[in-house]
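Below is one structure; the comments refer to it alone.
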Amino acid sequence: MPTNSPSPPAAVLCGLAGWVPPRVVTNDDLAERLDTDDTWIRTRTGIRRRHVIEPGEATSDLAVAAGRRALRHAGVDSVDAVIVTTTTPDRPCPATAPAVAARLGLAGAAAFDVGAVCTGFVYGLATAVGLIMCGVAERVLLIGADTYSTIVDPLDRANAIIFGDGAGAVVLRAGQADDPGAVGHFDLGSDGAHEDLITITAGGSRQRSTGGEVQHRDRHFAMRGNEVYRHAVTRMAESARAVLDTAGWKIDEVDHFVPHQANLRILHSVADDLGLPRERCVTNVDAVGNTGAASIPLALADAVARQAISPGDRLLLTAFGGGLTWGSCLLTWPDIQPVPAGPYDRGDETAS
């Protein structure tokens, strides 16, 4: 038998970008309308500020801006598929991804949405990898984008302080499993018995088919925080251990832990549970808040722009969200060009 047989096909990360709207809402801004203050918010969440869209803007606008920058970073102008993972699509129907693809000049590419709430980016990454490994696509643009400011009640102190708007995108290409940047093993899971822990009651077929008056609170995002905290820490740690075991990695071989940016207490609790030093936890939640499906690629873009992640570093990505859903994956960081601009700079981009 030949000794130099090629390694199995894989999906390789070759482009990355982040995007947030320019409007900043600080903790002091929130204190003007909520019974809270900067110290209270920072102590409980680690968040100092978040970015929100202007009236008339939508999730697709952020997705287009992040997607355009990711394509430019990868040095490509075409892909075979566009995946948008979001909880806040422009409309209930149709999906947001086809419109994003068309605005990026990618009309004709396969385009669809993935909904897994804050686990969306990891689920979307697994989907993109599958498209490449089965030969459906040579290149895939994956965008995590959310505008939680459109679904969170601005007077809800528990949630208004946590969430922000943003988008992050990666480009994946077909390659080999031993290529730097090859996305490795995955662990995905869900538990729909707890679907009511994170929800928007109104707007879906369940509410529409029953009729009746819709209350104000039913139109907005609701989360049972204490229970979610417990599930998030447990599920993220379990998923991380599972994917490490599958790959045969030891915890001390992980250079960077990149979790969904829920809040700083959750991130540190998961790192502590795993026995990872907190300084290996990649976080930007202080500057952007919880941006849903955008949070992991935004955190990656920020870390790469700061040169905090180097080629060859081993990364563990872990997320948890409504559904309940959770997931983890592994990759070794590729030798790609630095992200050209910080993900919080508007630069020369437009959302058109």
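Numbers for the structure displayed
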{"item": "Criterion (under 30 Å from E195 (Cα atoms) and open to solvent by 10 Å² or more (accessible area, probe 1.4 Å)) met by exactly one of A95, A116, A102", "result": "A95"}
{"item": "Residues within the range 239-283 that are among the polar types (S, T, N, Q) and more than 21 Å from V228 (Cα to Cα), tallied", "result": "1"}
{"item": "When residues of the range 62-87 are limited to those that are of a type outside the set (G, A, S) and over 19 Å from the mean Cα position of the chain (by Cα), the one surrounded by the most Cβ atoms within 10 Å (Cβ to Cβ)", "result": "V79"}
{"item": "Some residue of the range 153-169 being at pLDDT 95 or above and more than 19 Å from R50 (Cβ to Cβ)", "result": "yes"}
{"item": "Number of the exception - A271 against (1) small (G, A, S); (2) in contact with a strand residue (DSSP E or B) (Cβ under 8 Å, 6 or more places away or on another chain); (3) in contact (Cβ under 8 Å) with a residue 60 or more places away in the chain", "result": "(3)"}
{"item": "Number of positions in the range 61-78 that are outside any helix (DSSP H, G or I) and either closer than 18 Å to A95 by Cα or touching a strand residue (DSSP E or B) at 6+ places or on another chain (Cβ under 9 Å) (or both)", "result": "3"}
{"item": "Listing of helices (runs of 4 or more DSSP H) fully contained in the range 88-191 that carry 3 or more residues being more than 30 Å from T246 (Cβ to Cβ)", "result": "97-103, 157-160"}
{"item": "Tally of residues being more than 18 Å from S149 (Cα to Cα) and open to solvent by 60 Å² or more (accessible area, probe 1.4 Å) across the range 195-206", "result": "4"}
{"item": "Residues that are open to solvent by 40 Å² or more (accessible area, probe 1.4 Å), part of a loop (DSSP other than H, G, I, E, B) and not acidic (D, E), drawn from the range 37-56", "result": "R48, P55, G56"}
{"item": "Selection status of T201, at pLDDT below 95, in contact with a helix residue (DSSP H, G or I) (Cβ under 6 Å, 6 or more places away or on another chain) and under 30 Å from M223 (Cβ atoms)", "result": "yes"}
{"item": "Residue check for T59: over 30 Å from F186 (Cβ atoms) and either without any contact (Cβ under 8 Å) to a residue 12 or more places away in the chain or open to solvent by less than 20 Å² (accessible area, probe 1.4 Å) (or both)", "result": "no"}
{"item": "The lone exception for H185 - which of (1) open to solvent by 60 Å² or more (accessible area, probe 1.4 Å); (2) under 30 Å from D37 (Cβ atoms); (3) not hydrophobic (A, V, I, L, M, F, W, C) it fails", "result": "(2)"}
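The values are calculated or read from the model by the stated rules, or taken from the named source; none is laboratory data. None of these values were measured; they are calculated from a predicted model. Don't worry about glycine lacking a Cβ; one is built from the backbone with ideal geometry, like all the others, and counts go over all protein chains shown. Side chains are part of the model used for accessible areas, which takes the heavy atoms of the whole protein and leaves out ligands, DNA and RNA. Shrake-Rupley method; radii C 1.70, N 1.55, O 1.52, S 1.80 Å.
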